[in-house]
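Encoded as structure tokens, the structure appears first; notes follow it.
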Amino acid sequence: MKITILSENKPKEGWLTEHGLSMYIETEEHSFLFDTGASDHFLRNAKKCNIDLKAATKILSHGHWDHGNGLEYISGGTLIGHKDIFLDRYRNRDDSYIGLKLDRRALEERFNLKLTQSPLWINNQTVFLGEIPRNCPFESKTTSFHLKEGTADFVPDDSAVVIKEKEGIHIITGCNHSGLNNLMDYAIEVTKDDRILSIIGGLHLKEINNDLDRTIVRIKKYPNIILAPMHCTSQIVIDKLKESCSVKELYTGDSWEK
């Protein structure tokens, strides 16, 4: 498996960087574009890497602007996502809109749109998880977002992709609004494989607290796991993870073969 970071928050000289996330992932069987960031930066960086995105399956982790607004700059092929990616959603602190720029009709005109709440196997190796159950008692119980009608938005469309290899599984996540423990549990349930090799993407961990300590205890149960935290993971959390876990920091333009 090879992952190229097309867009990520952290600046790297010579690359277009923004608040957002986009990754191009190649496996033995398939290639796919996971999220598109907030603008056309991912596309311009892909051209710099000599990556042609036309044939790649497109996957949207969830319906937030910083993961899906780049969709207006591409078209063609299949786009996979959860059925709730088009919810009208806003920040609690200032009521600003944080949903997608393009509506369902616009995306149906651009792509073969596949929306699913259930796991969808793209091939024998790769699965889109669909809606992730939230059973961990200390995760995903609060939210900073609300829907247009004012009800709380817990981002039910938050999802991830799991790549299954002979040695174990790799988990690719956009923002992990579902919570890391919930994500690991469901990835294992769907793939029937508890050998987690890596978790790559936004982990939505921002504070040092008891919940993080409990999550680290869980992570350490997997002896071969490598974390590649990006986007919505704070640097203080990344530094904390480094104290007891194997961590690889990735920036826009980086490639990682695993």
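Every number in this text was worked out from the coordinates using simple rules, so none of it is lab data. Note that this is a predicted model, so its numbers are computed, not measured. Every residue, glycine as well, gets a Cβ built from its backbone with ideal geometry; the counts of neighbours run over all protein chains shown.
Please report how far the C-alpha centroid of region 94-118 lies from that of region 1-32, rounded to the nearest whole angstrom.
Each part reduced to its Cα centre gives a spacing of 21 Å.
Filter the trypsin sites (Lys or Arg not before Pro) in region 87-147 to those in DSSP coil with at most 12 other Cβ atoms within 10 Å of their Cβ, and list the result.
Taking region 87-147 and a limit of 12 other Cβ atoms within 10 Å, the loop trypsin sites (Lys or Arg not before Pro) found are Arg93, Lys141.
How large is the helix-only mean residue ellipticity at 222 nm for the chain, computed as the sum of -39500 (n - 2.57) over DSSP H runs with n ≥ 4, divided by its residue count, in deg cm²/dmol to the nearest 500?
-5000 deg cm²/dmol
Given the options Ile219, Ile208, Ile199, state which has the largest fluctuation in a GNM of the chain using a 10 Å cut-off (strictly under) for Cα springs.
Judging by the Gaussian network model, the answer is Ile208.
With 25 Å as the limit, write out which pairs from Lys10/Lys248; Lys48/Lys240; Lys12/Lys83; Lys166/Lys242; Lys48/Lys220 have Cα-Cα distances beyond it, or answer none.
In this structure, Lys48/Lys240; Lys12/Lys83; Lys166/Lys242; Lys48/Lys220 lie more than 25 Å apart at Cα.
Based only on other Cβ atoms within 10 Å, what is the fewest-to-most ordering of Cys136, Cys49, Cys175, Cys245?
Cys49, Cys245, Cys136, Cys175
Which value, in debye to the nearest 20, gives the size of the charge dipole of the chain about its Cα centre, when Lys and Arg are +1 and Asp and Glu are -1 at the Cβ?
With only Lys, Arg, Asp and Glu charged at Cβ, the dipole is about 220 debye.
Which GluC sites (Glu not before Pro) in region 1-101 pass both tests, a DSSP loop state and at most 11 other beta-carbon atoms within 10 Å?
Filter output for region 1-101: Glu13, Glu28, Glu29.
Where does the charge balance sit around Trp15 when Lys and Arg score +1, Asp and Glu -1, over other residues with C-beta under 13 Å from its C-beta?
+1
What's the percent breakdown of Cα-Cα distances in the chain across 10 Å bins, shortest bin first?
Calculated over all Cα pairs of the chain, the distribution is 7, 33, 39, 19, 2 percent.
Using alpha carbons only, what's the Rg to Rh ratio of region 24-66 with Rh from Kirkwood?
Using Cα coordinates only, the ratio equals 0.97.
Taking the Cα atoms of region 124-258, report the difference between the largest and smallest coordinate on each principal axis, in whole Å and largest first.
Answer, in whole Å and largest first: 46, 35, 32 Å.
Tell me the relative contact order for region 2-257 as a rounded percent, counting alpha carbon contacts under 8 Å between residues six or more apart.
18 percent
State, to one decimal in nm, how far the label point of Cys49 lies from the label point of Tyr73, with both points 7 Å from Cα in the Cβ direction.
1.3 nm
Relative contact order for region 163-258 using alpha-carbon pairs under 8 Å, separation at least 6, rounded to a whole percent?
Value for region 163-258: 26 percent.
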